[in-house]
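Beneath this line is the structure, given in structure tokens, with notes to follow.
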Amino acid sequence: MAETEMEYRVELFNRLAQTCFNKCVDKRYKESELNMGENSCIDRCVSKYWQVNSMIGQMLSAGGRPPM
Amino acid sequence: MDKNMLAGLEGLPEEDKARMSSMIDHLQLRDRCFNDCVDNFTRKALQKQEETCVMRCAEKFLKHSMRVGLRFAELNSQAATQD
């Protein structure tokens, strides 16, 4: 894998993790385990983030024209 | 980070755990847990509740990152088989 591709992947992973942590995890840290609600939220968040990332990638590679 | 914190994800091969662990932004983890847990600067030493909060925050973030890593890998391999 090219170095910039690898860097992109790592960056994507970290932004994804950060974003979904902000969206899904209670900051009061009452316990160290993730509860069921947080787990579900994380799975869904990752899925949606991924879809958004794909959409934007496609839009940009199509020369900036938004898909209908 | 020691192995204890990574123990939350059983069934994951050791090399995957190691790879994910190296991808996690440790600086971000540290800053997040500091910002979320430490607010009191009347003393130099960390207070007990701050310590507890930081430990929980770090463990939680690591477990969260592992879970994200699993889903990320799944989506990556799905994307590879499409097109």
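What follows draws every value from the coordinates through simple rules; no lab data is involved. These numbers come from a predicted model, not from an experiment. Neighbour counts run over all protein chains shown; Cβ positions are idealised from the backbone, glycine included.
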To the nearest 10 degrees, the tilt of helix A:36-61 (Cα long axis) against the first principal axis of the alpha carbons of chain A is 10
Averaged over the residues of A:41-54, the number of partner chain Cβ atoms within 10 Å of each residue's own Cβ comes to 3
Note to self: C-alpha centroids of the stretch A:3-68 and the stretch B:21-51 sit apart, in Å, by 23
Burial-style ranking of B:64-75, A:26-37, average other-beta-carbon count within 10 Å with highest first, yields B:64-75, A:26-37
Each residue of A:24-34 has, on average, a number of other protein chain C-beta atoms within 10 Å of its C-beta equal to 6
